[in-house]
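Here's the structure we're looking at; comments come further down.
The values are calculated or read from the model by the stated rules, or taken from the named source; none is laboratory data. Quick caveat, the model's predicted, so the values are computed rather than measured. Because the Cβ atoms are built from the backbone with ideal geometry, glycine has one as well, and the counts that use them run over all protein chains shown.
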Amino acid sequence: MVFENLLAEGEQALKRSDWAAARAAFARALEVRETPAALEGLGTSCWWLDIQDEVLAARERAFRLYREQGDARGAARQATLLALDYVDYRGDTAVASGWLQRAERLLKDIEVSPEHGWFELYAGFEAIMFENDVAQARSRLERARGVSTALGSVDVEMMGIALEGHILIKEGRVAAGMRCLDEAMAAALGGEMSDLVAVGNTCCSMIYACEAVADYDRASQWCARVREFCRRLGMDTFFTICRNYYATVLVWKGAWQEAEAELGAAMQEFSDQRQNAKRECLAKLGELRRRQGRLDEAVELLARAEPHRLALSSQAAIALDRGDAQDAIDLLERVLRRLGQEDQAEKAFALGLLVRAHLLAGDFDSAEEALADLRALASAVGTQPLRAAAHEASGAVARARGDLDVAKLELQDAIDLYEVTEATFDAARVRLEYARVLCD
């Protein structure tokens, strides 16, 4: 009876989002008797508390016990979650693939269940985000939709809409994809979805997409809602991930004190095992210092953030500021070699810097090639920050070619777009370039 009471206590704590109490209850239950249900509860509570080693240990042990008991659904559920964990915590895509394969095999010959839907969805996200396989992602999406229809699962349905959003973005239909993600977010934060893990993953997928295409206005609006939601439900650990992305928006808009506060909070809250996330924070703080003109601090922070791509891009910008064209070119080409198809905004901003670097080196032909790539990308994605970057680079090339009338028009358009997106620093920077054109 003691075990059953502790198990019920843990489940109730999970329902009210009291993760620490849930962890304690499940741990005490496991001292009485080891069961897969108690281990699963411990893994869930530790996941919300970001205690990574305990998450992996509990879920792997739960998987083994479910298998021993002949519970294919339970084992498949743990296998699917472990796939997500290994990608999220360690970036181990091969290990994640192995766990997804185990889940698929276990689910193959049993009655349709929610576990089938979650497996298909997360396999679809793996296909689109790590394998760039649109056809496979669509196939997984259709099977997940079949599960949601058969079972009437709103959670699976809405996560499916989020996956569709990413597929559309990958296909170049950015506006349609973002509308899908808006719908999924409305359901997640509006109370339609009941699975908090699915809610969290929906939020992550939206914020990731916003940063990937530089849709900073949309990111700002949804981050405010996510912050409110997390505070209400005690999901502070989850918002740590959002902080890292939200800081990008704040840096872009010139809200530098707020950006520094968010990055500082995220650095403190990330566990030591999230080294890549910490490097990303350091890179963003280094970029902030560069914009503030505190170059010595920026250089130190960016060195600590290596080899993160964002650190290399900011180091290239510093090299440009110091007149070292070749160093900037080398860094930017290194960044571009590492970017995937989904990293559209990062690629666009790197191309904008590369245009400037080639112009500084006097290589107009290479600058034109980089500009053509940037224009094509900005046209395909269509977000205002990328269009602004393309107009700015076009203005720089026109000025270098001596076509001052075109340069003025391009730079005016860049200023307008930067101002519309509240990018005060970049608008001011391009105004200085416009003033130089007027003086030519």
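Among residues of the range 290-305 being farther than 24 Å from HIS358 by Cβ and in contact with a helix residue (DSSP H, G or I) (Cβ under 7 Å, 6 or more places away or on another chain), the one that is surrounded by the fewest Cβ atoms within 10 Å (Cβ to Cβ) is GLN292. Restricted to the range 13-35, and to residues there that are closer than 15 Å to VAL55 by Cβ and buried (at least 17 other Cβ atoms within 10 Å of the Cβ), the residue that is farthest from the chain's Cα centre (by Cα) is LEU30. Can you tell me which residue within the range 230-250, out of those that are modelled with pLDDT under 85 and among the hydrophobic types (A, V, I, L, M, F, W, C), is surrounded by the fewest Cβ atoms within 10 Å (Cβ to Cβ)? Looking at residues that are modelled with pLDDT under 85 and among the hydrophobic types (A, V, I, L, M, F, W, C), I get LEU233. Of the conditions (1) surrounded by fewer than 24 Cβ atoms within 10 Å (Cβ to Cβ); (2) under 21 Å from the mean Cα position of the chain (by Cα); (3) more than 19 Å from ASP88 (Cβ to Cβ), GLU287 fails just one. Which one is it? Checking GLU287 against (1) surrounded by fewer than 24 Cβ atoms within 10 Å (Cβ to Cβ); (2) under 21 Å from the mean Cα position of the chain (by Cα); (3) more than 19 Å from ASP88 (Cβ to Cβ), the one that fails is (1). In the range 297-311, the residues that are without any contact (Cβ under 8 Å) to a residue 24 or more places away in the chain and under 11 Å from LEU331 (Cβ atoms) reach residues that are aliphatic (A, V, I, L, M) and in a helix (DSSP H, G or I) with C-beta atoms within less than 6 angstrom, at least six apart or across chains, in these pairs: LEU302/ALA311. Within the range 144-174, which residues are more than 19 Å from MET206 (Cα to Cα) and among the charged types (D, E, K, R)? Passing the criteria: only ARG145.
Which one of ALA380, ALA398 is out of contact with any Leu (no Cβ under 7 Å at 6 or more places or on another chain), in contact (Cβ under 8 Å) with a residue 60 or more places away in the chain and assigned to a helix (DSSP H, G or I)? Of the residues listed, the single one that is out of contact with any Leu (no Cβ under 7 Å at 6 or more places or on another chain), in contact (Cβ under 8 Å) with a residue 60 or more places away in the chain and assigned to a helix (DSSP H, G or I) is ALA380.
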